[in-house]
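One structure is given below, encoded as structure tokens.
The values are calculated or read from the model by the stated rules, or taken from the named source; none is laboratory data. Being a predicted model, the structure only gives us computed values, none of them experimental. Here Cβ is always computed from backbone atoms with ideal geometry, including for glycine, and neighbour counts include all displayed protein chains.
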Amino acid sequence: MSGKTVPSAILLLVIGNALALVSDIIIKLQDADAPIFQFILVRTLCVLVILSPLMRQIDRQQLLRGWRIHLLRAHISIFGIACMVVALKSLPLATANAVFYAAPLLVMLLGLLFFGERLTAPSLTAVLSGFIGIVVILRPVNVDWGALSAVGVAFTLALGVLLVRKLPSGQSTVHSLVLVHVLMVPTLVLLALIEGAPWKTEILLSGVGSAFFILCYQVTVLKAYRWVAANQVTSAEYTGLIWALLGGWVFFGEQPDLFFILGSLLIVVPLLWLGLRERRPRRRASITSAESQPSSI
């Protein structure tokens with residue numbers, strides 16, 4: 001694609017990350033005792049309703065093609081969203097998002113462990129720096145369920161990226177999204193029943209809002225990466241951390257400390273460095289999946 005589309009793609013990613021943050025804010029504004037699985041169930045059903053006008057893109061003749069991998073992704077998503085809710089409620093908005101950004105580093109590490117992918121010296125440096133960054137941000141003395149949940153989100157995002165490679169070829173994005181969310185519903189119904197929380201009307205409002213804004217984010221990402229090569233615009237994804245800082249300050253009065261700033265730099269700077277290396281001519285790519293920040297669950 002022409003380089004003229006790069007600014008437009010970057011603008012889309014900047015807007016998309018702002019929209020994703022709105023979903024995070026909606027989740028964080030929920031009551032501390034809001035039922036987690038009831039929320040995830042409502043959000044999942046809302047996603048299916050929003051996608052319903054696009055159902056014609058589903059291949060009905062091969063409706064359940066690849067259902068095993070979709071079933072695995074569905075349950076990873078349930079775990080990831082549950083971790084995300086706990087992390088966002090427990091940690092400052094920017095802190096949780098900074099840890100989420102470790103997902104590309106985990107993609108590299110898990111790609112090495114499960115797919116035998118080559119991990120070059122620059123990639124290894126980025127992974128080690130990123131993990132040090134996580135430790136600096138969370139600080140071992142402050143590790144609690146919120147911190148562990150944020151790390152859990154990063155792991156599920158990384159697994160989701162890796163499992164995309166196993167999806168059936170030629171299957172539309174809408175087909176994949178619908179199938180994953182449909183397969184989430186039975187387990188979520190069971191978990192919501194076990195949770196046993198009384199129905200809360202505000203859960204419907206937060207579920208609709210979160211589903212809408214996260215789907216808007218996914219649309220912007222899809223369009224941006226179709227316009228230009230990923231390594232030309234990936235750095236724009238990290239504006240999400242700036243949005244998280246602003247959102248935490250405006251809505252929750254949060255202010256980052258020195259540990260957050262240092263840890264964030266240790267996570268993001270090596271990834272940006274790898275992205276710049278990818279742009280250089282005659283450079284062989286050192287990684288394949290770590291160039292795209294994962295979409296919010």
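Search the range 180-210 for residues being in a loop (DSSP other than H, G, I, E, B) and surrounded by 13 or more Cβ atoms within 10 Å (Cβ to Cβ), and hand back the single one that is modelled with the highest pLDDT. Here the answer is A197.
With respect to R139, is the statement that it is closer than 24 Å to S264 by Cβ and among the charged types (D, E, K, R) true? Spelling it out, R139 is indeed closer than 24 Å to S264 by Cβ and among the charged types (D, E, K, R).
Residues that are free of Cβ contacts under 8 Å to residues at least 12 places away in the same chain number at least 3 in the following helices (runs of 4 or more DSSP H) confined to the range 82-142: 121-138.
The residues listed here are L119, L88, L93, L128; of these, the one that is surrounded by fewer than 16 Cβ atoms within 10 Å (Cβ to Cβ), at negative phi and not charged (D, E, K, R) is L128. Applying the set (1) surrounded by 18 or more Cβ atoms within 10 Å (Cβ to Cβ); (2) among the small types (G, A, S); (3) farther than 27 Å from G248 by Cβ to S52 leaves exactly one unmet item: (1). Remark: R43 matches the filter, which requires a residue to be within 24 Å of L193 (Cα to Cα) and either of a type in the set (D, E, K, R) or surrounded by fewer than 20 Cβ atoms within 10 Å (Cβ to Cβ) (or both). Every listed requirement among (1) surrounded by fewer than 22 Cβ atoms within 10 Å (Cβ to Cβ); (2) at pLDDT below 85; (3) among the hydroxyl-bearing types (S, T, Y); (4) assigned to a helix (DSSP H, G or I) is met by S169 save one, (4). Restricting attention to the range 13-70, which residues are among the charged types (D, E, K, R) and part of a helix (DSSP H, G or I)? Selection gives D24, K28, R43, R56, R60, R68. Of all residues in the range 62-81, those being crowded, with 24+ Cβ neighbours inside 10 Å and free of Cβ contacts under 8 Å to residues at least 40 places away in the same chain number 0.
Applying the set (1) crowded, with 21+ Cβ neighbours inside 10 Å; (2) out of contact with any Gly (no Cβ under 9 Å at 6 or more places or on another chain); (3) under 13 Å from S210 (Cα atoms) to A20 leaves exactly one unmet item: (2).
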